[in-house]
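Below you'll find the structure, written out as structure tokens, and then a few comments.
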Amino acid sequence: MNIVFDFGGVLFRWHPPSLLARVWPHRVADAAQGEALAAEFFENYAGAWGAFDQGLIDAATVIERISARTGWPLEEVAQVVAAVPDELQLQPGTVALIEGLKQAGHRLFFLSNMPAPLADHLERCHPLHQWFEQGVFSGRVQVVKPGVEIFELACRQFGVEPESCLFLDDHPVNIAAAQALGWQTLLFRSAEQASQELRARGLLSAAPQSVRQ
């Protein structure tokens, strides 16, 4: 099986309300306020952040556009953008899942909406080439999920057919897009839940081993 991983919220931590609570404690009083500010800041990954994900604008421009749209000071918006690399912490449970799938003989790839500077950061800090044969970062190819183009590009680049792929992503809209193109899918909620579903599908014979130290 060709198993394709999303990154943010799957292999790496991505929880914008918590990110904003850490960076902007003066603005985020509770979880509800964090959710509301995250929706305003990231615009559901449309707007300026969506263009950043797609590789159409750089970090300085995304900061300027968010500040101009919201009225938040440039320096405060810049603080959030600068904190994103630290937000993207590796999730050990997903690493263990990856190792279990590799041991089971599956081919692993990734497909991530990720601005190019953050893609560079992840490649510098983590052995992606050891875990995955290939991958697609949206910021480098200038197309994003859930658009048809990025899924088709991934299949061409990986040399696989859609029906041979199982896609793990935490966003239902991306899962629906992949399903419409013939991909098999698994909506990721946690590494434990994904492991259970993969075992139920016969893709893992046992719980994956713990992460190597």
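When residues of region 85-120 are filtered for being among the charged types (D, E, K, R), open to solvent by 10 Å² or more (accessible area, probe 1.4 Å) and in a helix (DSSP H, G or I), how many remain? Adding up the residues that qualify gives 4. Of all residues in region 59-84, those satisfying the criterion of being part of a loop (DSSP other than H, G, I, E, B) and surrounded by fewer than 14 Cβ atoms within 10 Å (Cβ to Cβ) are 71, 73.
Taking the conditions exactly as written (among the aliphatic types (A, V, I, L, M), under 22 Å from residue 84 (Cβ atoms) and either under 14 Å from the mean Cα position of the chain (by Cα) or at pLDDT 95 or above (or both)), does residue 111 satisfy them or not? So residue 111 fits the description; yes. Of all residues in region 17-33, those satisfying the criterion of being part of a helix (DSSP H, G or I) and open to solvent by less than 70 Å² (accessible area, probe 1.4 Å) are 17, 18, 19, 20, 21, 23.
Conditions tested, residue by residue: (1) in contact (Cβ under 8 Å) with a residue 24 or more places away in the chain; (2) more than 14 Å from the chain's Cα centre (by Cα); (3) within 30 Å of residue 201 (Cβ to Cβ).
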| site | (1), (2), (3) |
| --- | --- |
| 11 | yes, no, yes |
| 14 | yes, no, yes |
| 31 | no, yes, no |
| 40 | yes, yes, no |
| 60 | no, yes, no |
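Residues in region 126-143 that are open to solvent by less than 60 Å² (accessible area, probe 1.4 Å) and free of Cβ contacts under 8 Å to residues at least 24 places away in the same chain: 127, 128. Hey, any hits in region 152-168 for a residue that's at pLDDT 95 or above, open to solvent by 10 Å² or more (accessible area, probe 1.4 Å), in a loop (DSSP other than H, G, I, E, B) and under 26 Å from residue 83 (Cβ atoms)? No, because not a single residue in region 152-168 is at pLDDT 95 or above, open to solvent by 10 Å² or more (accessible area, probe 1.4 Å), in a loop (DSSP other than H, G, I, E, B) and under 26 Å from residue 83 (Cβ atoms).
The values are calculated or read from the model by the stated rules, or taken from the named source; none is laboratory data. No experiment lies behind these values; they were computed from the predicted model shown. Please note: Cβ atoms are built from the backbone with ideal geometry, for glycine as well, and neighbour counts cover all protein chains shown. Each accessible area value is taken on the protein alone, full model and side chains, heavy atoms only, with ligands, DNA and RNA left out. Shrake-Rupley method; radii C 1.70, N 1.55, O 1.52, S 1.80 Å.
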